[in-house]
Amino acid sequence: MALYGSKRDAKLVKSINRELINDYIDMEVGIYILSLDDTKANIYDESDTKVYQPVIRINALIGKDDKVFDSTEIYDQNRTATFGFIRDDLVNENIVLKEGDVIEFDNEFYEIDTVGSSQYWAGKNPSTDLGFTLNDRKEFGLSVAVNVTAHLTRRNRLNIQEVRSGQNKSNVIPKNL
């Protein structure tokens, strides 16, 4: 039997993480989940106009890399970022992150590349841990976080915000000229 890592210890870790991320760090991101039912695809299962569900606001730990500029053919920039979410906060909000979803932070939009949830308290995942006996059915460990890596994407590809707006000037010649 492990000395640390019981449900009581996991509850303490949850409360400390939640207090740090939600009260002290307090970095809010917007999550746009891809709506596959509303997105129309062509015969190759591709879509030019993706449809997203309304934004969901949640706190996260964020690590942005520096921008990388590419000027070989066209002048372009790229940036990657990592986002860490408390797993229980995502479960409470009924959020399931997948590749292709979009995260908004610092007036930039990041498309999710990978989603991982292999960060455990005491190194044990309570849903798959085999370290208990039949007589002592205590679970140890805690699945703490969901970590996401994403890349910077262009706004005009997302159809989330209107990128270009304005009025066309009419070609009508005034009558008084």
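Please treat every number below as a calculation from the coordinates, not as lab data. On a predicted model such as this, the values are computed, not experimentally measured, just so you know. Cβ atoms come from the backbone with ideal geometry, glycine included; neighbour counts cover every protein chain shown.
Return the sequence-ordered ³J(HN,Hα) values of the range 91-108 in whole Hz as given by the Karplus equation 6.51 cos²θ - 1.76 cosθ + 1.60 applied to θ = phi - 60°, using x for Gly and Pro.
For the range 91-108, the Karplus-derived couplings read 5, 5, 8, 6, 10, 10, 7, 9, 4, x, 5, 10, 10, 9, 8, 6, 6, 10 Hz, x marking Gly and Pro.
Non-local amide H neighbours of Asp101 (under 5 Å, H modeled in plane, Pro and chain starts lacking H): which ones?
Those lying under 5 Å, H to H, from Asp101 are Leu34, Ile112.
In whole percent, what relative contact order does the range 7-157 give with Cα contacts below 8 Å and a gap of six or more residues?
Computed value for the range 7-157: 24 percent relative contact order.
Among the listed pairs Lys98/Lys124; Lys67/Lys124; Lys11/Lys64; Lys50/Lys124; Lys40/Lys98, which have their C-alpha atoms separated by more than 28 angstrom in this model?
Working: Lys98/Lys124 24 Å; Lys67/Lys124 36 Å; Lys11/Lys64 30 Å; Lys50/Lys124 38 Å; Lys40/Lys98 18 Å.
From the list (Lys98/Lys124; Lys67/Lys124; Lys11/Lys64; Lys50/Lys124; Lys40/Lys98), the Cα-Cα distance tops 28 Å for Lys67/Lys124; Lys11/Lys64; Lys50/Lys124.
Stretch Leu20-Leu61 to full length: gain in nm at 0.36 nm per residue minus the Cα-Cα span? Before the final figure, lay out the partial values.
On the way: separation 41, 0.36 × 41 = 14.76 nm, distance 1.00 nm.
Working it through step by step, the gained length comes to 13.8 nm.
Can you list the equivalent-ellipsoid semi-axes of the range 76-119, largest first and in whole Å, using the square root of 5 times each Cα gyration tensor eigenvalue?
21, 12, 10
In nanometres, what is the gap between the two model label sites at Gln161 and Arg8, each 7 Å from Cα along Cα-to-Cβ?
Placing both labels 7 Å along Cα→Cβ, they lie 4.9 nm apart.
Above 25 Å lies some portion of the pair distances; for the range 7-157, what is it as a whole percent of all C-alpha pairs?
Numbers: 4748 of 11325 pairs.
Of the Cα pairs, 42 percent sit more than 25 Å apart.
Multiply the residue gap between Ile95 and Ile43 by 0.36 nm, knock off their C-alpha separation, and tell me the result in nm, one decimal place.
Stretched out fully, the Ile95 to Ile43 stretch lengthens by 15.8 nm.
List, in order, the whole-Hz ³J(HN,Hα) value for each residue of the range 57-64 obtained from phi through the Karplus relation with A = 6.51, B = -1.76, C = 1.60 and θ = phi - 60°; use x for Gly and Pro.
Whole-Hz 3J(HN,Hα) from phi for the range 57-64: 9, 8, 7, 8, 8, 10, x, 9.
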